[in-house]
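*Asks:* Here you go, one structure.
The values are calculated or read from the model by the stated rules, or taken from the named source; none is laboratory data. Values in this document were obtained by computation on a predicted structure and should not be read as measured data. Quick reminder, even Gly has a Cβ in these numbers, built from the backbone with ideal geometry, and neighbours come from all protein chains shown. The accessibility values were calculated without ligands, DNA or RNA, using every heavy atom of the protein model including side chains. Shrake-Rupley method; radii C 1.70, N 1.55, O 1.52, S 1.80 Å.
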Amino acid sequence: MKDIVTFLKENPVQYLSTVGPDGLPQVRPFQFMLEQDGRLYFCTSTQKEVYQSLQTHPYCELCTSSPSFAWIRVAGKAVFCDDPAIKAQILAQSPLVKSIYHTADNPIFTLFYLEHGRAMIGDFSGNPPRIFAF
């Protein structure tokens, strides 16, 4: 898990792929927030299309790459939760999220983590990618 978290933190602009309302793939910029108890947490608004998409089709995949052309793919099932302690941690560490939602009790501020997760970190070295399950 440490390698996954490090890669995501070092490359903070990621792209989340979901199934859109029309049944077609949809990709959008996203950002990993934190890891706790082996879960990778993300946040969004209940008013965004991504929230509705993940409610209907909860499986998603996140991808990003480093300046040296290494990459990570992280996939799993989005499970929504509204843990106020985790929301508070995210607000404390992310000025961007705090500027949008202001407080942990904001009713449109929601969290999700990935369940049945898998990740792959690869590069162009010729070595096989590293595979992780969480």
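*Asks:* Working with all protein chains in place, sort 103, 44, 56 by solvent-accessible area computed with a 1.4 Å probe, largest first.
*Replies:* Details: 103 65, 44 5, 56 95 Å².
Sorted descending by solvent-accessible area, the residues read 56, 103, 44.
*Asks:* Of 82, 3, which has the most accessible area and how do the rest follow, probe 1.4 Å?
*Replies:* Details: 82 95, 3 70 Å².
If we order 82, 3 from most to least accessible, we get 82, 3.
*Asks:* If you build a Gaussian network model of the chain, linking Cα atoms that sit under 10 Å apart, which residue out of 99, 66, 53 swings the most?
*Replies:* 99
*Asks:* For n ≥ 4 DSSP H runs only, could you compute -39500 (n - 2.57) per run for the chain, divide by its residues and tell me the 222 nm figure to the nearest 500?
*Replies:* When only DSSP H runs of four or more count, the value is -7000 deg cm²/dmol.
*Asks:* Send over a whole-number figure in Å² for the accessible area per residue of the range 1-101, probe 1.4 Å.
*Replies:* 54
*Asks:* Whenever you get a sec, compute what percent of the accessible area on the range 61-103 sits on carbon and sulfur atoms (1.4 Å probe).
*Replies:* Numbers: 1460 of 2290 Å².
Here carbon and sulfur together make up 64 percent of the probe-accessible area.
*Asks:* Here's another thing I want to ask about it. Rounded to the nearest 20 debye, what is the charge dipole size of the chain about its Cα centre when +1 sits on each Lys and Arg Cβ and -1 on each Asp and Glu Cβ?
*Replies:* Details: 11 positive and 12 negative charges, 31 e Å.
Dipole of the chain, to the nearest 20 debye: 160 debye.
*Asks:* In addition: Report the accessible area of residue 116, computed with a 1.4 Å probe over the heavy atoms of all protein chains in place, in Å² rounded to the nearest 10.
*Replies:* Roll a 1.4 Å probe over it and residue 116 shows about 130 Å².
*Asks:* I've got another one for you. Starting from a Cα-only point model with no solvent, please compute log10 I(q)/I(0) by Debye for the range 1-84 at q = 0.18, 0.26 1/Å.
*Replies:* -0.78, -1.42
*Asks:* As an exercise, identify the chymotrypsin sites (Phe, Trp or Tyr not before Pro) in the range 47-91 lying in DSSP coil whose Cβ has no more than 16 other Cβ atoms within 10 Å. List each step's numbers first, then the result.
*Replies:* Values: sites: 51, 59, 69, 71, 80; in loops: 69.
Listed in order of number, the matching sites are 69.
*Asks:* A further question follows. Solvent-accessible area of residue 41, probe 1.4 Å, all protein chains present, reported in Å² to the nearest ten, please.
*Replies:* Roughly 10 Å² of residue 41 is accessible to a 1.4 Å probe.
*Asks:* Please say if the range 36-107 is rounded, prolate or oblate, where rounded means a/c under 1.5 for a ≥ b ≥ c the square roots of the C-alpha gyration tensor eigenvalues, and otherwise the choice is prolate for a/b larger than b/c and oblate otherwise? Could the numbers behind the result be given before it?
*Replies:* Working: a/c = 1.79, a/b = 1.29, b/c = 1.38.
It is oblate, given that a/c is not under 1.5 and a/b is not larger than b/c.
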